[in-house]
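Enquirer: Pasting a structure here, questions to come.
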Amino acid sequence: MINPAQFALQKRTIMVMLCVILVGAGILSYEKLGRLEDPGFTIKTALIVTPYPGAGPLEVEEEVTDVIEESIQSMDQIKEIYSTSEEGVSYVYVDMKDHYGSGELPQIWDELRKKVSQAAASLPPGAMTPKVNDDFGDVYGVYFAITGDGRSYAELKEYADMLKKELLLCQDVAKIDFWGTRQETIFVETSRATMAELGISPEEINRTLQARNFVARSGKAEAGDRYLRISPTGDVTSEETIASMLVGPPGRMIRLGDIATIYRGYEHPARNGLLYNGQPGIALAISTIEGGNVITMGESVSASLEKLQSKKPSGIELHTIYYQSDIVNQSVQAFIVNLVEAVIIVVVLLMLFMGWQSGLLIGGILLLTILGTFIAMGLMDINLQKMSLGALILALGMLVDNAIVIADGILVRVERGDNREHAALEVVRENIWPLFGATLIAILAFAAIGFAPGNIGEYCRSLFDVLAISLFVSWVLAVTITPLLCVWFLKIPDMHNEDPFDKPIYTKYRQLLHFSIEHRWATLGITGLLLAAAIIGFASLPQAFFANSTQPFFFVNYWNAQATHLDETEADMRETQEYIRSLKGVKNVTSFLGEGGMRFILPYKYYTPNSSLFQLIVEVDDYSNIDKIGKQIDAHLQQKHPEALPYITRIANGPPVDFKIEVRFRGPDIEVLQQLASKAASLMQHHGGTRDVRTDWRQQVQVIQPVYSEAQAKAAGITRLDLATSLQRNFNGLRAGVVREGDELIPIVFRMPKEERRSANELENVQIWSSGRQTFLPFRQAVKQVATEWEWPLIHRRDRQRAITVQCNPVSGLAEPLRQSMLSEIESIALPEGYTMEWAGEYKESKKGTEPLGQIFPLCILGMFFILVWQFNSLKKATAIFLTVPLSLIGVTAGLLITGQAFGFMAILGFLGLSGMLIKNAIVLVEQTEIDLKAGKEPYAAILDSAVSRVRPVVMAAATTILGMIPLVSDPLYSAMATTIMGGLLAATFLTLGIVPVLYALLYGIKADANHL
């Protein structure tokens, strides 16, 4: 096989041209790379929503939720089914298995729809058609609030519609949706007494309203040589048209406007509502097309809004809740600064320890490697985001390893009097395959991240991709461009043929190494004790999942008692957001009433409609102030709203975890589940260090139950449907048609006047329309008594079993130590037969992320060991190298304990990658020993000489990696990973320089010989 260095030296012009092309293409690729703040992951969840008006939670569960779950459970693609049944609606969530990618999901969703359609045929009368929402995970990266001082919701909506029409034309815009719109409604109100006195039935008014605005074909007729459509007039177009309608029996007809109050308003209570800094408004959210560029879309939207400024009505304002392209730009720029800082640190370090020429030469190779990586990222459609840029910073030290080995080898040979070109050829020939094997091992160390299934693997995949690309590029450049640049530019000091290693530092290392080998068992014993201490210390390290994001936003999630009226919740929301706006450091507060907002970031937790809920998105001027501001808000809420259940959450890196600690019970009986949950909640409450203790079933609520008397009602000609319809009409109204205004359909609602529906006290006064007798009859003709019952408003299920989850958060600090401290108490709760308990929350999410790594990493270890055996054709050498990996635990434990960091998911990734770095360093050491032995040296001399000759490249490679990590230490996402690698590499590198030669001598029975000192 041709030596690549030989090709590079023979084709120098071509290599220069390739370098120029690499630089130009790398810069262009960098400019065109997509930009995101965080890497995306596919939300493999569909939501099936089935309204069942009038049904209670139990009826919804048994008649709707169970039917749908049974129908879809036969799909083998499903990972988990979980559902919530509440008054009048069923929510069924379907999670698909982790190994399905975004390309396979559309077909799976089609199959899901077929299953749901089959289930729809078995639903009870009154249940509406289930709707499958498979874009549940869509992210709206541009989020606006439209407000208007003195402007109506209809005017805000008109402006929002205009914006939507124009902004849909912008580049890379996928869709635009609204949130917080109020349904404009025309109300027709007439009293019971008036209808009874005039003998006008509510059914007749309904029929009249519906008949006038029903669109039907009127046929066509010939008119000469034409064939024309017939279109009668008489459509309902306004309140005046409704008022002019005639109702009543023939001969006694009367205008509807004479007996009813007809006016335009908004539905009440509203489904939801939005406030932006205290002003009511509508949210407008824009999503990016799949594969689109967030920056491009954001710039296109901004440009379009500038042009539309003149069309904005006076008094209406467009506020930015979240603008992803701006956030992404800031995040990417911050990481680019970190990358540049890391490059400067590495180059300066090289210049200090290898001379300015060698430092600049290897620094140039490093820049070429980064530019080559940008080209590959562009070809593989990898965006610039936290993971990919973090991978580059993480890899910096490793990227110069190969070049350092080649440059140092050439330097040493030339110092000893060898010709530059011959030295370059020989060094590359000797090291090309060892370095290739070492590079493969470094890549394999991170492979578990790249091939792990699930959201965590998808989130971190670009970390592996970029590491693998950059390491391979660094190897290619090390064996081609590096020797060429060394021949051209490397300045060799005149050593007068002296031994370059005849210096005090090398002499001291040689003596220390001789002492360690001579006292090999003591050396191994001391190392073993250090390792044992590290293992003991490691057991005390706190566990965690992902660190919080550095975005300057946080959420206040506020829950009143279940069934609280929306107006009461709104009053609490207004008071709370006013207080928060008064706090120093708070920029903006966006309030969502009655429902979670739209998914504007991937790890957003959406809440289904609930009148007792509001959520605030608080924007601050500096994310580091979030904890301080959060404590002020907590104290205020505890003082002002002690009966409420609020809690504060930060934006997560990775999948969201709403409550850090959760324990879930499953079983058939609701009362037993509630008893188990009550015991767990009590233990959490009294444990200490906990807050936000609750269950996801919330509190029981009262239900007013008019007891239907079949005998009485039958005699009076009143059916159960008559009773239900009359109650609905009286208190909430019935939809009786629509008014068409352009592309808007304004519903007409027929109901009783306010004084007849103001409260439950009016129940006894309700007049029931008898469909049998065609007259109004008193309420008591069909109802023998009015009872009040209690019911659970939310019934949760997991995989078709009822499940209740007890939740809490730590007052401060990490969740896992707190969970561990209450573990024995919670798990000591006696479970009846047929009931199970499991931990959820952060523990479950962390387990879901780390378990796939545990399944894949052993295969990676096996692959690394196989490469070592293939490379050295020796089990002993491979074993000696592998035994150095556990030594990193000494530095990892010390580093994390000193800094107080948790051993979380990112630290685990750092630990896996660390193994590849250590093996790579050990390979360089052992390979030099083999070269020296083949050159005819005595075995003991070969051990000492190879260790001394490799001490500089090994230490330099470790130092560049360690110091190159410095910019990552301050980043919350990468801090634990950086600490893990820095501490582990620092300790293990120096131990490796001593332990690998000792193990080599021990395994091959080589005795220490002072004559070779």
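Enquirer: Just the projected area, averaged over all directions, of the convex hull on the alpha carbon atoms of segment 44-136: how many nm²?
Expert: Spelled out: convex hull of the Cα atoms, projected over all directions, averaged, 5.2 nm².
Enquirer: Looking only at Cα atoms, what is the convex hull volume of segment 809-854 per residue, in Å³?
Expert: Each residue corresponds to 110 Å³ of Cα convex hull volume.
Enquirer: From zero up to wherever the largest Cα-Cα distance of segment 599-670 sits, split into 10 Å bins and tell me the percent of pairs in each.
Expert: 13, 38, 36, 10, 2
Enquirer: Starting from a Cα-only point model with no solvent, please compute log10 I(q)/I(0) by Debye for segment 326-429 at q = 0.13, 0.16, 0.20, 0.24 1/Å.
Expert: Rounded to two decimals, the profile gives -0.56, -0.76, -1.01, -1.25.
Enquirer: Around G148, which amide H atoms from residues at least 5 apart in sequence, or from another chain, sit under 5 Å from its own amide H, with H modelled in the peptide plane?
Expert: Those qualifying (amide H under 5 Å, at least 5 residues apart or on another chain) are E317.
Enquirer: Right, another one. In Å, the Kirkwood hydrodynamic radius of segment 244-323 over pairs of distinct alpha carbons?
Expert: After inverting the pairwise mean of 1/r, the radius is 18.0 Å.
Enquirer: If we count every other residue with Cβ under 13 angstrom of V954's Cβ, Lys/Arg +1 and Asp/Glu -1, where does the sum land?
Expert: Net charge around V954: 0.
Enquirer: Continuing with the same structure: Among S102, M75, P124, pick out the residue whose Cα is farthest towards the positive end of the charge dipole of segment 44-136, where Lys and Arg carry +1 and Asp and Glu carry -1 on C-beta, about the Cα centre.
Expert: S102
Enquirer: Fewest to most neighbouring Cβ within 10 Å: what's the order for M253, M977, M684?
Expert: By the 10 Å Cβ count, ascending: M253, M684, M977.
Enquirer: Only loop residues by DSSP count here, and only those with at most 12 other Cβ atoms within 10 Å; note down the trypsin sites (Lys or Arg not before Pro) in segment 556-664 that meet that.
Expert: Hits after loop and neighbour filter: K584.
Enquirer: When the convex hull of the C-alpha atoms of segment 335-395 is computed, what volume per residue in Å³ does it have?
Expert: Each residue corresponds to 64 Å³ of Cα convex hull volume.
Enquirer: Take the Cα coordinates of segment 806-882, assign each an equal point scatterer, and use the Debye formula without solvent to give log10 I(q)/I(0) at q = 0.18 Å⁻¹.
Expert: Taken in order of the listed q values, log10 I(q)/I(0) reads -0.83.
Enquirer: Separate question: Long-range amide H contacts for K175: which residues qualify at under 5 Å (H placed 1.01 Å from N, peptide plane, sequence gap of 5 or more or a different chain)?
Expert: Result for K175 returns S287.
Enquirer: Follow-up question, since we're still on this one. Please give the length that would be gained between N1011 and I829 if that part of the chain were fully extended, namely 0.36 nm times their separation in residues minus their C-alpha to C-alpha distance (nm, one decimal).
Expert: Gain in length upon complete extension: 58.5 nm.
Enquirer: Roughly how many whole Å is it from the C-alpha centroid of segment 960-1010 to that of segment 840-895?
Expert: 15 Å
Enquirer: Same structure, new question: Kindly provide log₁₀ I(q)/I(0) values, in the same order as q = 0.19 Å⁻¹, from the Debye equation applied to equal alpha-carbon scatterers of segment 99-233.
Expert: Result of the Debye calculation: -1.12.
Enquirer: Please report Rg over Rh for the chain, where both radii come from the alpha carbon positions and Rh follows the Kirkwood definition.
Expert: When Rh is taken as the Kirkwood radius, the ratio is 1.08.
Enquirer: Continuing with this model, one more query. Among the aspartates and glutamates, which have Cα under 16 Å from the Cα of K877 when same-chain residues fewer than 8 positions away are ignored?
Expert: Once the sequence-local aspartates and glutamates are set aside, what remains near K877 is E927, E930, D932.
Enquirer: How big is the charge dipole of segment 44-136 about its Cα centre, in debye rounded to the nearest 20, if each Lys and Arg gets +1 on its Cβ and each Asp and Glu gets -1 on its Cβ?
Expert: Its charge dipole is roughly 340 debye.
Enquirer: Just rank Y140, Y708, fewest to most, by other beta-carbon atoms within 10 angstrom.
Expert: Listed from fewest to most nearby Cβ atoms, that is Y708, Y140.
Enquirer: For segment 550-650, go through all pairs of different Cα atoms, get the mean of 1/r, take its inverse, and jot down that Kirkwood value in Å.
Expert: 13.6 Å
Enquirer: Could you tell me the relative contact order of the chain? Use alpha-carbon pairs under 8 Å, at least six residues apart, and round to a whole percent.
Expert: Reported as a whole number, the value is 17 percent.
Enquirer: Here are some pairs, K605/K640; K584/K628; K131/K605; which of them have Cα atoms lying more than 18 Å apart in this structure?
Expert: Among K605/K640; K584/K628; K131/K605, the Cα-Cα distance tops 18 Å for K605/K640; K131/K605.
Enquirer: What order do you get for F776, F374, F335 when you list them from fewest to most C-beta neighbours inside 10 Å?
Expert: Ranking F776, F374, F335 by Cβ neighbours within 10 Å, fewest first, gives F776, F335, F374.
Enquirer: So, one more: If you build the convex hull over the alpha carbons only and average its shadow over all orientations, what do you get for segment 594-728? Give it in nm² to one decimal.
Expert: Averaged projected hull area, Cα only: 13.6 nm².
Enquirer: Taking segment 596-639 as the region of interest, what is the percent of Cα-Cα pairs per 10 angstrom bin, listed from the shortest bin to the one with the maximum distance?
Expert: 21, 40, 37, 3
Enquirer: With bins 5 Å wide starting at 0, give me the P(r) of segment 88-132 over every alpha carbon pair, in whole percents.
Expert: 5, 18, 26, 21, 14, 9, 6, 2
Enquirer: List the residue ranges in the chain for DSSP H helices whose C-alpha atoms run 24 angstrom or more along the long axis and whose Kyte-Doolittle average is 0.0 or above.
Expert: Helix filter hits for the chain: 12-32, 324-354, 356-379, 386-415, 420-445, 454-478, 520-539, 670-687, 841-872, 905-934, 939-964, 975-1003.
Enquirer: How do the peptides 191-199, 955-963, 792-800, 440-448 rank, highest first, by the average count of neighbouring beta carbon atoms within 10 Å per residue?
Expert: The most tightly packed comes first, giving 440-448, 955-963, 792-800, 191-199.
Enquirer: Taking all pairs of different Cα atoms in segment 570-625, averaging 1/r and flipping that mean, what Kirkwood radius in angstroms comes out?
Expert: 12.3 Å
Enquirer: Taking the Cα centre of the chain as origin, work out the dipole magnitude from +1 charges on Lys and Arg Cβ and -1 charges on Asp and Glu Cβ, in debye rounded to 20.
Expert: Here the chain has a charge dipole of around 820 debye.
Enquirer: By what distance, in whole Å, do the Cα atoms of segment 385-497 stretch along each of the three principal axes, largest value first?
Expert: Per principal axis, max minus min of the Cα coordinates gives 60, 24, 18 Å.
Enquirer: How much of the DSSP bridge set in the chain is antiparallel, in percent, rounded to the nearest 5?
Expert: For the chain, the DSSP antiparallel bridge percentage is about 95.
Readers should treat all values here as calculations from the given coordinates under stated rules, not as data from a laboratory. All values derive from a computational prediction rather than experimental measurement. All Cβ positions, glycine included, derive from the backbone under ideal geometry; neighbour counts span all protein chains shown.
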